[in-house]
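Step one of this worksheet: look at the structure below.
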Amino acid sequence: MYDELASKENVEYIAGGATQNSIKVAQWMLQIPGATSYIGCIGKDKFGEEMKKNSTAAGVNVKYYEDESAPTGTCAVCVVGGERSLVANLSAANCYKSEHLKRPEIWSIVEKAKYYYIAGFFLTVSPESIQMVAEHAAAKNKVFMMNLSAPFICEFFREPQEKALPYMDYVFGNETEARTFAKVHGWETDNVEEIALKISQWPKASGTHKRITVITQGADPVVVAEDGKVKLFPVILLPKEKLVDTNGAGDAFVGGFLSQLVQEKPVEDCVRTGCYAANVVIQRSGCTYPPKPEFN
């Protein structure tokens with residue numbers, strides 16, 4: 001399938017990956033070179049080199065574990081009328097080892113950081129790495145965040161997700177993932193506001209930070225649950241003819257959100273910036289953006 005796609009006209013190659021997309025968008029919004037770092041796994045091949053080049057050019061400090069045997073993960077994206085269909089071949093993305101994280105030069109990056117964000121997809125790869133970062137964040141009063149990422153993560157990776165959940169200071173997700181999470185945990189509701197509230201009240205490993213749950217709902221308002229209350233924030237509506245590709249919208253939202261959170265801005269500003277970043281990305285192909293944000 002990949003060969004067939006690559007032979008077509010107008011094929012674009014864009015460096016991606018859920019967490020990496022979010023970090024790149026946060027970096028773009030911040031416009032401070034090296035404000036962000038990213039750790040992941042690639043293969044020793046041309047796509048791996050392309051990934052390195054792309055993310056470094058975006059200003060992200062990337063530290064990849066390079067797997068000797070697996071090729072760099074790829075994802076074929078077909079877009080019809082703005083809606084996307086993805087076929088992923090995860091390859092090296094599935095091969096990250098916690099031994100890489102334990103290397104002094106890599107762990108020192110973890111120690112320098114104040115905020116951590118990991119997509120739920122990584123629960124399928126190295127829960128041990130997640131726990132190391134989560135426990136470090138809790139011990140040092142730092143902020144640890146994850147994303148529900150996909151319904152199948154909530155269904156089939158429930159155990160590692162539940163193990164990481166007490167450490168999460170922010171939980172991101174969309175309405176489908178939230179409803180699946182509720183179903184898996186036997187909560188007899190599909191009301192997204194109620195579910196967001198219940199997730200925010202899940203017991204915490206450290207009392208330093210309260211948990212805030214942020215659920216996006218496409219064109220419907222963003223749901224934010226904290227302190228036993230729910231707030232709704234409208235998104236920026238886009239005329240259908242301007243929609244190019246919904247791919248990376250959720251990742252971009254998180255990236256925009258993070259860019260304000262690290263500046264200690266209130267949650268309203270974080271959501272507004274997340275909505276701005278998502279709005280920019282869905283008007284372009286893949287998780288890409290113009291050279292500079294036009295955002296106050």
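Derivation of every value follows stated rules applied to the coordinates shown; laboratory data play no part. Nothing here was measured: the structure is a model prediction, and the numbers come from that model. Every residue, glycine among them, receives a Cβ derived from its backbone with ideal geometry; neighbour counts consider all protein chains shown.
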Original post:
Considering the values (i) 15.1; (ii) 18.6; (iii) 13.3, which represents mean projected area of the Cα convex hull in nm² as calculated for the structure under consideration?
Top reply: (i)
Subject >> Percent RCO, i.e. relative contact order, over segment 1-133, from Cα pairs under 8 Å lying at least 6 residues apart >> reply: 20 percent
Original post:
How large is the dipole of the chain about the Cα centre if only Lys and Arg carry +1 and Asp and Glu carry -1, each at its Cβ, rounded to the nearest 20 debye?
Top reply: 760 debye
Original post:
Say the cut-off is 21 Å between C-alpha atoms; which of 52/242; 97/210; 142/210 go over it?
Top reply: 52/242; 97/210
Original post:
Is any helix in the chain, taking whole DSSP H runs, at least 20 angstrom long along its axis by alpha carbon and on average at least -0.5 on the Kyte-Doolittle scale, and which ones?
Top reply: 267-281
Original post:
Using only helices, what value at 222 nm comes out for the chain when you add -39,500 (n - 2.57) per DSSP H run of length 4 or more and divide by the total residues, to the nearest 500 deg cm²/dmol?
Top reply: -11500 deg cm²/dmol
**OP:** Could you sort 130-138, 268-276, 19-27 so that the peptide with the highest average Cβ count within 10 Å comes first and the rest follow in order?
**Re:** 19-27, 268-276, 130-138
Original post:
By the gyration tensor of its Cα atoms, with a ≥ b ≥ c the square roots of the eigenvalues, what is the shape of segment 1-99: rounded for a/c under 1.5, prolate for a/b over b/c, or oblate?
Top reply: oblate
Subject >> Whole-number percent relative contact order across the chain, with pairs defined as alpha carbons under 8 Å at least 6 apart >> reply: 16 percent
**OP:** Could you tell me the distance between the Cα centroids of segment 22-86 and segment 182-253, to the nearest Å?
**Re:** 25 Å
Original post:
Of the beta bridges DSSP finds with both residues in the chain, what % are antiparallel, to the nearest 5?
Top reply: 45 percent
